[in-house]
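Worksheet: one structure, shown below.
The values are calculated or read from the model by the stated rules, or taken from the named source; none is laboratory data. Model, not experiment: these values are computed from the prediction. Note that we place each Cβ from the backbone using ideal geometry, even for glycine, and neighbour counts take in every protein chain shown.
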Amino acid sequence: MTPPLFLVLELGSGETIELTGAEARHAATVKRLTVGEEVLLADGRGGMAEAVVTQVGRDRLVFSVSSRRRDPEPDPRFVVVQALPKGERADLAVEILTELGVDEIVPWAASRSISQWRGADKVERGLEKWRRTAQEASKQSRRSRVPAVAGLAATPAVISRVALASVAFVLHETATEALTRQQLPAAGEILLVVGPEGGVAEEELRAFVEAGAQPVRLGAEVLRTSTAGAAALAVLSVAAGRWG
């Protein structure tokens, strides 16, 4: 079984690494790590270390480093613009996208989104929850990089991201082009727009297409917003050579 992964602020360059705070309490009281166990430590920015537990305290653990590596920046880079799902489906969407290798998630306040983050406090809480979910899913999937969760985007901001991307796709049930048949760039940003449960509004779709996006479909089935992005990301991962 793959050793568990814990996130640290810095991996440093010494022979030992300390883990403190909430992450240390989780490792000691929930995971119940003991001296001699092997673990993975990551800084969330591409750095990864294999290590062995040497000291265990309630709020502090010490590890002896066996090896280190730094994973290169992903290129091409996968960005998913995710319309705000309702309730627990938001957590599901962020979790699965992270586990499947997304590099950045952009929460989108689409015109047909049932869920809306109204007010600065609600936006802050929503972003904090998405970022926390991305961190936990990164640990679960043993990722050295935690995907970025951008600030809440209105449609004009999404249009700008579409225009700047190397290639952009919009999932839409009426599209005639299949995502599986699209050519992907060897570098740059591959952007995927996932609409809300009510679908992408016609004016939004038109604006995205005018900015350079290609409407695409996955298959005959109409997926929920919380799973459509994950299914599309799996297709892109194979096509871009990340899986194989």
(Q) Would you confirm whether or not the stretch 74-88 contains a residue that is over 30 Å from Gly199 (Cβ atoms) and either in contact with a Gly (Cβ under 6 Å, 6 or more places away or on another chain) or exposed (fewer than 12 other Cβ atoms within 10 Å of the Cβ) (or both)? (A) no
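Determine, yes or no, whether Ala109 is in contact with a Leu (Cβ under 7 Å, 6 or more places away or on another chain) and not assigned by TED's automatic domain parsing to the domain that holds Leu164. Talk me through it step by step, then tell me what you get.
Working: in contact with a Leu (Cβ under 7 Å, 6 or more places away or on another chain): yes; not assigned by TED's automatic domain parsing to the domain that holds Leu164: no.
Against the criterion (in contact with a Leu (Cβ under 7 Å, 6 or more places away or on another chain) and not assigned by TED's automatic domain parsing to the domain that holds Leu164), Ala109 does not qualify.
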Q) Which residues, counting only those in the stretch 173-195, are assigned to a loop (DSSP other than H, G, I, E, B) and either surrounded by 17 or more Cβ atoms within 10 Å (Cβ to Cβ) or under 21 Å from the mean Cα position of the chain (by Cα) (or both)? A) Leu184, Pro185, Ala186, Ala187, Gly188, Gly195
Q: Would you be able to tell me the number of residues in the stretch 13-26 that are closer than 9 Å to Arg58 by Cα and aliphatic (A, V, I, L, M)?
A: 1
Q | Check on Gly198, exposed (fewer than 14 other Cβ atoms within 10 Å of the Cβ), part of a loop (DSSP other than H, G, I, E, B) and at pLDDT 95 or above | A | no
Q. Pairs, please: C-beta under 8 Å, at least 6 apart or cross-chain, first residue under 22 Å from Lys86 (Cα atoms) and in the stretch 209-231, second among the charged types (D, E, K, R) and not in a helix (DSSP H, G or I)?
A. Val222/Glu173; Arg224/Glu197; Thr225/Glu197
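Condition test on Val158, is it part of a strand (DSSP E or B) and under 28 Å from Val222 (Cβ atoms)?
Numbers: part of a strand (DSSP E or B): no; under 28 Å from Val222 (Cβ atoms): yes.
For Val158, the condition - part of a strand (DSSP E or B) and under 28 Å from Val222 (Cβ atoms) - is not met.
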